[in-house]
């Protein structure tokens, strides 16, 4: 009888650990790892992205209308008020909340994933009137082929605008080249 009583807490602990792990996985609709290459700096690193929910078409349209009608400042404010939809984590940093995650199918059977967040402008940028404070967003675009293999680009310091003529959102990176995202994989 004593042997059975000493095994029971161990079994309960294992069941609890498995249910916590299952609940953690259920929190995300999708997770990615990517190999980031910052060519200007010659640095590479692993980047992690987690999506809790996809942004709705209505949220997307609201952001586009805000950018068109009121400009980047209003877009940054609107984005900062949106509830987090996931997070992104760069090496040696805390994760940062994502405010936007949207996917669209591609004609070849693949898909395009765009994620974005408002970027906190730090005190040093404000006090030195740094040009970087005009780049208020972080934006990433990832293309997955029909087999699920992905690659893309990440602009940690980005300025967004509406391209005249095409009426498409264009992203200007603070640096001359965004971070390349290679070997983007969906984490199962």
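Some notes on this structure:
- In a residue-by-residue description of region 150-160, the property of being surrounded by 13 or more Cβ atoms within 10 Å (Cβ to Cβ), over 14 Å from the mean Cα position of the chain (by Cα) and modelled with pLDDT under 85 applies to at least one position.
- Any hit, region 89-96, residues being in a strand (DSSP E or B) and either farther than 22 Å from residue 150 by Cβ or modelled with pLDDT under 90 (or both): yes
- Single unsatisfied condition, residue 53 versus (1) assigned to a loop (DSSP other than H, G, I, E, B); (2) at pLDDT below 85: (2)
- Filter result (surrounded by fewer than 14 Cβ atoms within 10 Å (Cβ to Cβ) and closer than 16 Å to residue 98 by Cβ) within region 54-75: 56
- Test: residue in region 71-84 that is over 17 Å from residue 141 (Cα atoms), outside any helix (DSSP H, G or I), modelled with pLDDT of 80 or more and touching a helix residue (DSSP H, G or I) at 6+ places or on another chain (Cβ under 9 Å): yes
- Scanning region 40-77 for residues that are touching a strand residue (DSSP E or B) at 6+ places or on another chain (Cβ under 7 Å) and more than 23 Å from residue 161 (Cβ to Cβ) gives 44, 45, 46, 47, 48, 49, 50, 51, 52, 54.
The values are calculated or read from the model by the stated rules, or taken from the named source; none is laboratory data. In this text the structure is predicted, and so the values were computed from the model without any measurement. We place every Cβ from the backbone using ideal geometry, glycine too, and count neighbours over all the protein chains shown.
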